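Contents: one structure, followed by commentary.
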Amino acid sequence: MNPKKNVRKTFDGLSLPVLVIDRDYVIVDANRAAAAHLERTESNVVGQFCFEMTHGSENPCWHTGEVACPVKGAFESKQRVRAIHKHHIGGHLVVEEIVATPLDDGTGRVDFVVEEGRVVLVPATVHVTELKGMMSPPRKAVSLEQMEAAIEAGATARLKTAE
């Protein structure tokens with residue numbers, strides 16, 4: 001198989017949820033893992049605002065004052081942005097590491113950002129069978145602050161159980 005000739009198969013073969021988002025924060029493409037993670041079909045994800053799909057909100061996430069948006073940060077800085085982000089998916093709070101990578105058109109203009117999501121924390125109230133397309137919850141409870149510190153410190157950081 002030639003990956004260049006089978007880009008769609010390659011994109012859909014990724015295990016991580018991946019969204020391609022334009023400057024208006026509209027999802028222009030989503031892989032199968034993203035659609036499963038969002039509990040929707042691909043056709044019901046593409047064309048929607050990212051904040052509607054991941055936050056269940058009519059307003060961009062940075063308007064809430066609660067979080068900084070990694071996608072917005074990638075558009076503005078033209079650099080990869082990594083952040084811990086709270087999403088509301090399937091009626092549940094899910095904490096994810098979001099990696100937002102700007103796609104430069106070769107002239108320095110960024111028209112799209114690729115968003116990868118990795119679930120890092122799912123509240124204990126979510127049953128494992130409800131985690132469609134997500135990884136299992138951690139075995140030890142950790143706080144959001146501990147998770148952020150661990151990700152910033154790198155893969156060698158150790159998480160202490162929350163008290």
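Restricting CYS50, CYS69 to residues that are under 15 Å from GLY117 (Cα atoms) and touching a residue at least 40 places away in the same chain (Cβ under 8 Å) narrows the list to CYS50. Look through the stretch 21-39, keep the residues that are under 13 Å from the mean Cα position of the chain (by Cα) and over 18 Å from VAL119 (Cα atoms), and return whichever of them is surrounded by the most Cβ atoms within 10 Å (Cβ to Cβ). Looking at residues that are under 13 Å from the mean Cα position of the chain (by Cα) and over 18 Å from VAL119 (Cα atoms), I get ILE21. Looking at HIS85, is it touching a strand residue (DSSP E or B) at 6+ places or on another chain (Cβ under 9 Å) and of a type outside the set (Lys, Arg)? Yes, satisfied.
When the criteria are applied in full, ARG8 fails the requirement of being of a type in the set (Lys, Arg), surrounded by 13 or more Cβ atoms within 10 Å (Cβ to Cβ) and at pLDDT below 90. For the stretch 96-123, the set of residues classified as loosely packed, with under 15 Cβ neighbours inside 10 Å, out of contact with any Asp or Glu (no Cβ under 8 Å at 6 or more places or on another chain) and either aromatic (Phe, Trp, Tyr) or outside any strand (DSSP E or B) (or both) consists of GLY106, THR107, GLY108, ARG109, PRO123, listed by residue number. For LYS78, the stated conditions do not hold, so it cannot be described as in contact (Cβ under 8 Å) with a residue 12 or more places away in the chain and either within 17 Å of ARG118 (Cβ to Cβ) or within 15 Å of the chain's Cα centre (by Cα) (or both).
Taking the conditions exactly as written (under 20 Å from VAL120 (Cα atoms) and assigned to a loop (DSSP other than H, G, I, E, B)), does LEU93 satisfy them or not? Answer is no for this residue. The single residue among GLU42, GLU58 that is more than 13 Å from ASP111 (Cα to Cα), in contact (Cβ under 8 Å) with a residue 12 or more places away in the chain and more than 15 Å from the chain's Cα centre (by Cα) turns out to be GLU42. Looking at PHE51, PHE75, just one residue is closer than 13 Å to ASP22 by Cα and modelled with pLDDT under 90, and that residue is PHE51.
Note on the stretch 40-59: residues that are surrounded by fewer than 17 Cβ atoms within 10 Å (Cβ to Cβ) and of a type in the set (A, V, I, L, M) amount to 0.
The values are calculated or read from the model by the stated rules, or taken from the named source; none is laboratory data. Treat the numbers as computed from the prediction; the structure is a model and nothing was measured. Backbone-built Cβ (ideal geometry, glycine too); neighbour counts: all protein chains shown.
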